[in-house]
Amino acid sequence: MTDIEQLKFIHELSKDVSSDELISILKYNVTVASDMRKKCEMLSELKESEKLTDSLSEENQTTNIIDADNDELTDDLEDLYAFYYRPILEIDSATSQLRQQIIDLLPDVKNKKFFNIVGRIQLELFASEKEFLDLLSQVKGSLSGEDLTFSKQIEDEIAFSQQKRKIIEDYVSSINQNLNIEDTVTEFSSNHLIYLPTMNGNLYVNNDLLAIPTDYYSSFRNLFISIQNGTFKGFKRLVGANNIVGVSEVKDYQSRIVFDRIGPKSFVILDTFVKKVGMDKEYMDSLAGRVGIYRRMKSSLVQAIQDPDYIQKHDEFTEDILNSLDERNREKIRTIGKM
């Protein structure tokens with residue numbers, strides 16, 4: 001295949017497309033390539049799993065379905081990688097605090113999968129650089145004149161990716177060598193949990209927790225803490241139906257907290273519930289409705305978290321929730337965040 005044929009997708013675009021739009025398309029293609037690698041791995045694993053399932057008895061099949069929770073969810077490590085990698089890929093090159101922004105987006109060092117996730121991020125950044133380098137060699141031999149601007153932007157993207165990779169490499173090196181431990185601790189602060197408000201200004205989490213048997217309170221307390229400290233217990237990214245895709249959950253057996261990231265250190269709590277085995281329509285409709293409410297107000301929440309007082313208020317809600325769950329105090333839960 002010639003260089004011109006490899007650049008066919010560029011020639012098929014509108015002549016009015018800007019170089020910035022082309023870069024945006026290329027970045028999108030890089031994420032798609034990453035996802036495709038992931039899906040190929042999953043399909044390969046699924047094929048092996050199906051061979052195993054065929055050899056199981058009917059009784060064992062039933063047990064395995066229940067143990068697997070039968071969720072339409074992807075592998076947790078792959079999900080965690082995507083959860084952290086995408087925001088790092090999308091960082092604006094104009095940012096003045098690149099190092100701190102990247103560190104804020106990385107998993108907490110307390111996360112047991114920290115090195116696995118960061119290693120994958122490094123590999124994907126390197127893979128994206130290679131794809132841009134391959135394209136650059138084709139562009140330089142095929143384009144001229146004003147198109148040289150496009151070539152320069154590709155070079156800038158490569159340099160920016162290398163810069164991000166170097167920041168991550170230096171940070172991981174400092175952890176490995178136990179250097180600047182005090183700085184490492186201060187660079188990682190607790191995540192802020194933001195609670196989705198109802199139409200009258202109260203919090204959905206109140207009614208959610210009041211509907212949950214107190215026997216589950218200890219489990220939910222641990223899940224809230226795992227979001228707060230960045231360990232994300234039983235993390236999964238929801239997939240399948242378009243009306244819930246993109247948000248995430250932490251889980252502990254039947255206990256579930258659905259949430260979404262709206263800032264480097266801020267996570268909106270969308271739904272808190274005990275999930276039955278299987279995917280019933282009532283459960284899916286309820287979750288889809290809550291996610292829909294969140295998406296309609298997401299922009300206002302992103303704006304709200306810029307206010308330190310707003311963050312502090314929700315940090316206080318979190319403290320009250322954790323204490324109430326620890327004490328199994330339903331009456332205290334009933335009053336948290338009430339207007």
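Consider R261 against the criteria (1) part of a strand (DSSP E or B); (2) touching a helix residue (DSSP H, G or I) at 6+ places or on another chain (Cβ under 6 Å); (3) open to solvent by 30 Å² or more (accessible area, probe 1.4 Å); (4) not hydrophobic (A, V, I, L, M, F, W, C): it satisfies all of them except one. Which criterion is unmet? The failed condition is (2). Scoring Q303 on the criteria (1) open to solvent by 70 Å² or more (accessible area, probe 1.4 Å); (2) more than 18 Å from N202 (Cα to Cα); (3) touching a residue at least 24 places away in the same chain (Cβ under 8 Å) leaves a single failure, condition (3).
Would a scan of the stretch 309-320 turn up a residue that is outside any helix (DSSP H, G or I) and modelled with pLDDT of 95 or more? No - not one qualifying residue is present in the stretch 309-320.
Would it be correct to say that M279 is farther than 21 Å from Y217 by Cβ, in contact with a Gly (Cβ under 8 Å, 6 or more places away or on another chain) and modelled with pLDDT under 95? Considered against the rule, which asks whether it is farther than 21 Å from Y217 by Cβ, in contact with a Gly (Cβ under 8 Å, 6 or more places away or on another chain) and modelled with pLDDT under 95, M279 comes out as no.
Screening the stretch 224-253 for residues that are on the phi > 0 side of the Ramachandran plot and aromatic (F, W, Y) and picking the one that is surrounded by the most Cβ atoms within 10 Å (Cβ to Cβ) gives F232. Kindly indicate which of I154, I91 is at pLDDT 80 or above, open to solvent by less than 30 Å² (accessible area, probe 1.4 Å), assigned to a helix (DSSP H, G or I) and among the β-branched types (V, I, T). Criteria check complete, one pass: I154. Here is the figure for the stretch 171-223: residues that are at pLDDT 90 or above, in a helix (DSSP H, G or I), surrounded by fewer than 18 Cβ atoms within 10 Å (Cβ to Cβ) and not hydroxyl-bearing (S, T, Y) total 4.
The values are calculated or read from the model by the stated rules, or taken from the named source; none is laboratory data. Quantities reported herein were computed from a predicted structural model and do not represent experimental measurements. Here Cβ is always computed from backbone atoms with ideal geometry, including for glycine, and neighbour counts include all displayed protein chains. Accessible surface areas use protein heavy atoms only, side chains included; no ligands, DNA or RNA. Shrake-Rupley method; radii C 1.70, N 1.55, O 1.52, S 1.80 Å.
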